[in-house]
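Report on one structure; see the data block that follows.
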Amino acid sequence: MNYKFSDSRITALIGACIAGILLSVSAQAAEVKVAVAANFAQPMKDIAAEFEKDTGHKLAITQGATGKFYAQITNGAPFEVFLSADDEAPAKLVKEGKAVTGTQFTYAIGRLVLWSPDEKLVDQGGAVLKTDRFKYISIANAKVAPYGRAAVQTMQKLGVLSAIEPRVVQGESITQTHQFVTTGNAQLGFVALSQVWENNRIKSGSGWIVPEDMHEQLRQDIVLLNPGKESSAANALVNYLKSDKAKKIVERYGYKLP
């Protein structure tokens, strides 16, 4: 028996098929709760946009200091994926049974920079730190922020820490540290290169990219947390950070790849 359909009927059938496909994709899409170290907040937003286009999944991103995230996660915060500013916090979470064994890896290696909006203030070598050309310097809280620890280590190596300490304005995260400098509360500060990097150069002001041998390497690791263990979307995000598309975004913000 032959059936003939009018053009309008065919159009309706095609529309129904498309709607069914979209409904199926929508049903499978999920939202992943992600804790992201403050220095990686903007790159993560770019990665999130690509991840959503490629998978349909959305990310609920919370940015902050690595040490604070570690405390929140150990106390039951329902994050599913953690992008740390170091490799220590994820390792401890795995060891303590709060994260999934075998999912930790380094997604980026960060760079520390001494930066000022003043184009003439920061020299290549950090000699400005031995002068009175600035009133305040901003660094992140070394107790909770790996970039803060790296800043302290750098000043120790330069032999200026004790002299500078009275002039330190401390940010609770690298985001607040950067804000203190951009708003003029401090004339310069140790910030993440990713915050001031664009088109393969420091986009404004003056900066000294601190040699990596002056502080512990800023290996930034990702790990799948227990609440995300059974989530296909959370697992997909962890794997997505290994993709060429994600790696290109990481490098665009001045990070090195492991």
Next item on the list: Just one of (1) of a type outside the set (A, V, I, L, M); (2) buried (at least 18 other Cβ atoms within 10 Å of the Cβ); (3) touching a residue at least 60 places away in the same chain (Cβ under 8 Å) trips up Glu212, so point out which.
Entry: (2)
Check: Going through the range 137-162 one residue at a time, which ones are of a type outside the set (A, V, I, L, M, F, W, C), assigned to a helix (DSSP H, G or I) and surrounded by 17 or more Cβ atoms within 10 Å (Cβ to Cβ)?
Finding: Pro146, Tyr147, Gly148, Arg149, Gln153, Thr154
Note to self: Regarding the range 128-136, can at least one residue be identified that is aromatic (Phe, Trp, Tyr), within 19 Å of the chain's Cα centre (by Cα) and in a loop (DSSP other than H, G, I, E, B)?
What the structure shows: no
Check: Is it true that Asp132 is under 16 Å from Pro211 (Cβ atoms), surrounded by fewer than 16 Cβ atoms within 10 Å (Cβ to Cβ) and modelled with pLDDT of 95 or more?
Finding: no
Margin query: Take Ala192 and tell me if it is among the hydrophobic types (A, V, I, L, M, F, W, C) and not assigned by TED's automatic domain parsing to the domain that holds His178.
Written below: no
Notebook entry, point to check: Only one residue in Val94, Val100, Val122 is among the β-branched types (Val, Ile, Thr) and surrounded by 23 or more Cβ atoms within 10 Å (Cβ to Cβ), so which one is that?
Noted result: Val122
Note to self: Six or more apart or on different chains, Cβ atoms under 9 Å: show the pairs whose first residue is in the range 220-237 and surrounded by fewer than 16 Cβ atoms within 10 Å (Cβ to Cβ) and whose second is modelled with pLDDT under 95.
What the structure shows: Ser232/Gln28; Ser232/Ala30
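State yes or no: is Thr182 polar (S, T, N, Q), surrounded by fewer than 23 Cβ atoms within 10 Å (Cβ to Cβ) and either out of contact with any Pro (no Cβ under 7 Å at 6 or more places or on another chain) or not assigned by TED's automatic domain parsing to the domain that holds Gly64 (or both)? Break it down into steps so the answer makes sense when it comes.
Values: polar (S, T, N, Q): yes; surrounded by fewer than 23 Cβ atoms within 10 Å (Cβ to Cβ): yes; either out of contact with any Pro (no Cβ under 7 Å at 6 or more places or on another chain) or not assigned by TED's automatic domain parsing to the domain that holds Gly64 (or both): yes.
Yes: the conditions hold for Thr182.
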Note to self: Out of the strands (runs of 3 or more DSSP E) lying entirely within the range 163-258, which hold 1 or more residues that are modelled with pLDDT of 95 or more and in contact with an Asp or Glu (Cβ under 9 Å, 6 or more places away or on another chain)?
What the structure shows: 188-192, 206-209, 218-224
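The values are calculated or read from the model by the stated rules, or taken from the named source; none is laboratory data. None of these values were measured; they are calculated from a predicted model. Neighbour counts are summed over all protein chains in view; Cβ atoms, including those assigned to glycine, are modelled from backbone coordinates with ideal geometry.
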